[in-house]
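The values are calculated or read from the model by the stated rules, or taken from the named source; none is laboratory data. Keep in mind it's a predicted model, so treat the numbers as computed, not measured. Here the Cβ is made from the backbone with ideal geometry for all residues, glycine too, and neighbour counts use every protein chain on show.
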Amino acid sequence: MADYKDVLLQTFGFNTFRPGQEQAVEKILAGNSAAAIFPTGAGKSLCYQLSAIMLPGLTLVVSPLLSLMHDQLTFLKSRGIPAAALDSTLSREEYASVLESAVNGSLKILMISVERFRNERFRSHLTRMNLSLLVVDEAHCISEWGHNFRPEYLKLPNYRDEFKIPQVLLLTATATEKVAQDMCARLQIAPENLVRTGFYRKNLNIQVTPVGQENKIELLVNRIRRNPSAPTIVYVTLQITAEEVAAALILAGIPAEPYHAGLENELRKNVQNRFMNGELNAVVATIAFGMGIDKSNIRRVIHYDLPKSIEGYSQEIGRAGRDGQESLCELFACGDSVSVLENFVYGDTPTVDSIRIVLDQIAEAGDSWEVKLLTLANQSNIRELPLKTLLVYLEMHGILTPVHTYFGEYEFKTALTGKELLDKFSGEPQEFLRNLLRYSRKRTTWIAVDIEQFVSETGGDRKRSVAALEYLETHNLIELSAKGAVDVYRVNKRDFDREKAANWFANLFSKKEASEIERIHQMIGFFECDSCISRELASYFGEQLPNDCGHCSVCRGTPARMIFAPQAETIPQDLAVRTGPFRSAAHAKANPITITRFLCGISSPLNTKIKARSLDGHGSLERFPYASVLAEVVRQIG
């Protein structure tokens, strides 16, 4: 095996490692599982990229963001490293080609989302891959104590065992001590195999500036005009704010572009490329922008709105000054967006009635429960992320056990006749395919295959049926389409007290809600602290600085206090009229919680279904605290 330092130079062009990288690589190449907690921009990705080249099999990388995958993929290809990503943007031919390369060993790195593990077609290929390493990027998502918990990540230990992946590497920039211990315990990573580097970066000048809502644009324009050519990211909370602030900068003569998840892919890609190439110096973005961005000379990161958490803030300012040069990280200390941040949390909290709908379905399902997530979300009015969390909780409490996920519909089209397809085979394989095709029916262009009927009537093997169709597509004999993912659970308990269980789980979500609201106010307290901000931030992530930094706004003698706009004296007294269109559209589902979400502009499956955004009154009270609006809805409407 080549020396990893030779690979570092020859493949990546680096003479030396950054802090922590070599220790992480050594642990992986020694056959251990490991975790690496490095600050944003400190080179976590190299730990798996170099290891992947030297390991015998395929490295499977789980990443939470499509943009993150594509940025890393571009880098890997530029270094001649055979790598690919599986996502919905691939054509049929591209998807099949990637899977074939992963199975035959010509790929070294394959990037996927965690949800891909539930894909029946992918799983059938995964069993044929020679897997060496599972990499979990943004690994703090596995911890319920983290700021961006994703319930699907809790299943990663099971997936690792199921597909017999020998080693794991966890990567994150934002893990407190509690989160680090939790994520390592879940993947059975020994404490000595956790590599953590220092968090503090002396070239970042952290500034917290009190400003009222009405003066934020003027302050932003003045900041950028000091050095118009300095690459700058301006972070905002809402997509509409990104549009408005970018327009205001352009009006002031400063070229700028908005960037958010609501834009078309090509437009987002164009904005990012222009920023990376130095053709555009100011981007006004939601948190959709920045993950995986490897631009070393970003001179300013300005938080026009408050971030969602201390962890999010640390990630975002970490994109500044990666070249080691002095950079400004300024936060506008305006508290007017606090209610907006809180509303994101309130929108993710299921009600007792919503949870009871899910529990009723389970109790009445029999031994097996099949569910389409989107359908269940609409039925229960629970957003998909908290609904996934609820299903994971039900697993953890022994009520459900996931069996598998399958596609409800398989269909194909082909230029060949049925006889021509069958003539490609002989013997038992031909007979199996003949029987399977008997359970197909021709539509206009596509041919639908009823695998469920085939299995139930003939005793055929579902896995083999899917594998047969995959084989035909891989060999360009058919074009295959699969849709309608259905999750199958085994119901372990049906005689539980539904009312008691609904209240218990609702209370659990309420505690999570309170914790997240507290996280927001903890963040506000952090920005209003009277001690060195750099030192406090490092301490939050477990690093103790011996001295104050000397260059943050507190050290310079200007500790901040949030400025809040004067709140309207009372909530309007016309809520019955204001919510009339919503109550007419929502019918029986109109209750104090759903009405309050409508008034506060909080998204939900119900609001999407009835197109609430188009109704008068939607979001009209979004600047008022949620709890105050709810209390007034109960008083005025009941």
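For the stretch 343-365, the set of residues classified as under 25 Å from the mean Cα position of the chain (by Cα), assigned to a loop (DSSP other than H, G, I, E, B) and over 18 Å from VAL392 (Cβ atoms) consists of GLY347, THR351, listed by residue number.
Here GLY550 fulfils each of the conditions (1) closer than 30 Å to ARG201 by Cα; (2) in contact with a Ser or Thr (Cβ under 7 Å, 6 or more places away or on another chain) apart from (2). Against the definition (touching a residue at least 40 places away in the same chain (Cβ under 8 Å), exposed (fewer than 13 other Cβ atoms within 10 Å of the Cβ) and in contact with a strand residue (DSSP E or B) (Cβ under 9 Å, 6 or more places away or on another chain)), how does PRO210 come out, yes or no? For PRO210, the condition - touching a residue at least 40 places away in the same chain (Cβ under 8 Å), exposed (fewer than 13 other Cβ atoms within 10 Å of the Cβ) and in contact with a strand residue (DSSP E or B) (Cβ under 9 Å, 6 or more places away or on another chain) - is not met. The set of residues from the stretch 56-96 being at pLDDT 90 or above, small (Gly, Ala, Ser) and exposed (fewer than 14 other Cβ atoms within 10 Å of the Cβ) comprises just one member, GLY80.
Considering the stretch 97-151, and only residues there that are more than 30 Å from HIS475 (Cα to Cα) and in contact with an Asp or Glu (Cβ under 6 Å, 6 or more places away or on another chain), the residue that is surrounded by the fewest Cβ atoms within 10 Å (Cβ to Cβ) turns out to be TRP145. One residue alone among SER132, SER106, SER124 is in a loop (DSSP other than H, G, I, E, B), assigned by TED's automatic domain parsing to the domain that holds ASN32 and of a type in the set (S, T, N, Q), and that residue is SER106. The set of residues from the stretch 51-84 being aliphatic (A, V, I, L, M) and more than 25 Å from the chain's Cα centre (by Cα) comprises ILE53, MET54, LEU55, ILE81. Taking the stretch 198-275 and the strands (runs of 3 or more DSSP E) fully enclosed by it, the elements with 2 or more residues that are β-branched (Val, Ile, Thr) are at 204-210, 232-235.
Filtering the stretch 164-197 down to residues that are in a strand (DSSP E or B) and among the polar types (S, T, N, Q), which residue is nearest to GLY321 (Cα to Cα)?
THR172
Residues of the stretch 223-239 that are of a type outside the set (D, E, K, R) and within 13 Å of TYR304 (Cβ to Cβ): ILE224, THR232, ILE233, VAL234, TYR235, VAL236, THR237, LEU238. Would you confirm whether or not the stretch 429-445 contains a residue that is of a type in the set (Asp, Glu) and over 27 Å from LYS372 (Cα atoms)? Yes, because at least one residue in the stretch 429-445 is of a type in the set (Asp, Glu) and over 27 Å from LYS372 (Cα atoms).
For the stretch 395-406, name all the residues that are at pLDDT 90 or above and either within 17 Å of VAL486 (Cβ to Cβ) or surrounded by fewer than 19 Cβ atoms within 10 Å (Cβ to Cβ) (or both).
Start the filter on the stretch 395-406 by keeping residues that are at pLDDT 90 or above, which leaves 399-400.
Residue satisfying the conditions is LEU400 alone.
Among the residues making up the stretch 453-472, those that are part of a loop (DSSP other than H, G, I, E, B) and more than 17 Å from ARG121 (Cβ to Cβ) are GLY459, GLY460.
Among the residues of the stretch 343-390, the one identified as among the hydroxyl-bearing types (Ser, Thr, Tyr) and without any contact (Cβ under 8 Å) to a residue 12 or more places away in the chain is THR375. Test ILE293 against the stated conditions and say whether it is over 30 Å from TYR489 (Cα atoms), assigned to a loop (DSSP other than H, G, I, E, B) and at pLDDT below 90. Considered against the rule, which asks whether it is over 30 Å from TYR489 (Cα atoms), assigned to a loop (DSSP other than H, G, I, E, B) and at pLDDT below 90, ILE293 comes out as yes.
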